[in-house]
Amino acid sequence: MASILVPLAAGFEELEAVTVIDLLVRAGVKVTTAGLADGAVRASRGVTLIPDCSVDEALAHEYDMVVLPGGQAGADHLAADPRIILLLQQMKQQGLYIAAICAAPQVLAAAGVLEGRSATSYPGVL
């Protein structure tokens, strides 16, 4: 069974996280949500989600894919987190899948994994 990590940072876009998580779970994929810190994460419109674990706990496991939800504030927090940057670099080196929605391609750029590639993002992000 495929295993996917969805990191959640304060200010993430609710629809871009919850829809992805829901669809993947319905498809039989093992999805782990991880907050940058312990505890609940408040999204861009005020919805609060409780992640499965912290990023530190999540990084003890391997994943087939990482999906980064957008939301400008959430993407900014992900791009500033060295654990996320290192994870994305490792995923690219291993030839694993990485997805980023809306504003989150800026995180891929911050990690240097877009070199030689094209990306589509929310206008003004890249």
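The values are calculated or read from the model by the stated rules, or taken from the named source; none is laboratory data. Every value quoted in this text rests on a predicted model; they were computed, and no experiment measured them. Note: ideal-geometry Cβ built from the backbone for every residue, glycine included; neighbour counts use all protein chains shown. The protein model used for the area step is the full one, side chains on, heavy atoms only, and it has no ligands, DNA or RNA in it. Shrake-Rupley method; radii C 1.70, N 1.55, O 1.52, S 1.80 Å.
Listed values, structure above:
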item	result
Once exposed loop trypsin sites (Lys or Arg not before Pro) are cut out (DSSP; at most 12 other Cβ, 10 Å), longest piece of the chain	46-116
Rounded percent of accessible protein surface that carbon and sulfur make up, the range 9-126, 1.4 Å probe	54 percent
Cα-based shape type of the chain, given that a ≥ b ≥ c are square roots of the gyration tensor eigenvalues and the cut on a/c is 1.5	rounded
Accessible area per residue in Å² at 1.4 Å probe, computed on the chain	53 Å²
Residue among Q93, Q106, Q72 with the largest mean-square fluctuation in a Gaussian network model of the chain, springs linking Cα atoms under 10 Å	Q93
Cut-off under 5 Å, modelled amide H: who pairs with L8 long-range	A34, G35, L36
Listed residues A58, A104, A27, most fluctuating in the chain (Gaussian network, C-alpha, under 10 Å)	A27
Under the Karplus curve 6.51 cos²θ - 1.76 cosθ + 1.60, θ = phi - 60°, whole-Hz ³J(HN,Hα) for the range 112-119, x wherever Gly or Pro sits	x, 8, 9, 4, x, 10, 9, 8
Of A111, Q89, G70, farthest towards positive along the dipole that unit charges on Lys, Arg, Asp, Glu beta carbons give the range 16-126	G70
